1. What per residue convex hull volume, in Å³, do the alpha-carbon atoms of the stretch 85-189 yield?
2. What are the principal axis extents of the Cα atoms in the stretch 1-149, in Å, biggest first?
3. Multiplying the sequence separation of LYS287 and SER95 by 0.36 nm and subtracting their Cα-Cα distance, what value in nm do you get?
4. Efficiency by 1/(1 + (r/R0)^6): what FRET value for LEU55 and ASP130, r their Cβ-Cβ distance, R0 = 25 Å, to the nearest 0.05?
5. Have a look at LEU68, TYR151, TYR126 and report the one farthest towards the positive end of the charge dipole of the stretch 5-152, computed about the Cα centre with Cβ charges (Lys/Arg +1, Asp/Glu -1).
6. Applying 1/(1 + (r/R0)^6) with R0 = 35 Å to the Cβ-Cβ distance of GLU179 and GLU7, what FRET efficiency is obtained, to the nearest 0.05?
7. Roughly how many whole Å is it from the C-alpha centroid of the stretch 34-106 to that of the stretch 196-216?
8. How big is the charge dipole of the stretch 5-152 about its Cα centre, in debye rounded to the nearest 20, if each Lys and Arg gets +1 on its Cβ and each Asp and Glu gets -1 on its Cβ?
Amino acid sequence: MIIDFKEIPKANSFDGNQDVFENFARDFFEAIGYQIIESPSRGADRGVDLKIRELRKGISGVTEIVWLVSCKHYAYSGASISPRIEQNILDRVKSNSCHGFIGFYSTIASTGLNQNLKGLASQIEYQVFDREKIEREIVGIRCMENLFLRYFPKSYKEWKSVYYYTEPVGLLDYFLDKEFSSEKELFLEICGSTGNILKDFRSSNSLTEFVQKKSISIINIDNLTGILFNSTIPFGQVVDFVLPDLVKRAHEIDVIGKPLLLSIMLNDKGSYILYPSYLMLDENKLKILNRLFSRVKELMG
């Protein structure tokens, strides 16, 4: 479990904080889309801690479902919610003019209570929000972060410390797959993982600086007489050492006139060839990579 429900004070504390779990339930249901009909209040509760409305839209129109919510905060004892604790469910639902029952628990429902609820399924609808279901609705859901932080500040801080780096990596992975899928393979070849891509992007101010972190120089294959980005590689070395290997990798090379100009038919992976120390690519691919770098830096803010 990521959320520690004991961050919410005991419901029987009588120190002014005994309503916090019920208030959390109210804010939780409002955040996931229910309408609040009756908020928590002190005094006799008529067997209802909260009344909420659900509007279901269908072909025939909108159906209104009113739910009776029963809040039980037993996280400190760890006890499950049994039929002895949750009594007279059907009578409470009917007497409060509700259509269904929701159990909202900081632990879990016992086997006996689950069986009782199943027995009522032909007469009323029911749902159980136990600790695991509540956590699934909150953790990692961006629109629920304020709720998470407000009621569980320690759990939120610990979760953020663990997932601070993995969440951006997942977002970058999704972004590359969606907008630059063919270029993602090249960056993975250079960096080895999306996490390394993110780290090097953060510490680089340009595409040139990014590849130089891996001791790679970019070479424009549209015109090998001009090596881009002020590379220190002498052109003679490009001719003597790069071209022989390039012949093995490319399907076809035509050498036309002097100074040396190349027209290259590259392999099926796309318009680049990656060497241990050279990235050879055409002008179009270079523009795409520069655009990718700018977009990611823009997203990083």
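1. 187
2. On the principal axes, the stretch 1-149 reaches 44, 37, 30 Å in Cα extent.
3. That pair, LYS287 and SER95, stretches by 62.2 nm at full extension.
4. Values: r = 25 Å, r/R0 = 0.99.
Between LEU55 and ASP130 the formula returns 0.50.
5. About the Cα centre, the residue reaching furthest to the positive side is TYR126.
6. 0.30
7. Cα centres, the stretch 34-106 to the stretch 196-216: 54 Å.
8. On the way: 19 positive and 19 negative charges, 48 e Å.
With Lys and Arg at +1 and Asp and Glu at -1, about 240 debye.
Read the figures in this text as sums done on the coordinates, not as results from a lab. Please read all numbers here as calculations on a predicted model, not as lab measurements. Cβ: placed from backbone, ideal geometry, glycine included. Neighbour counts: every protein chain shown.
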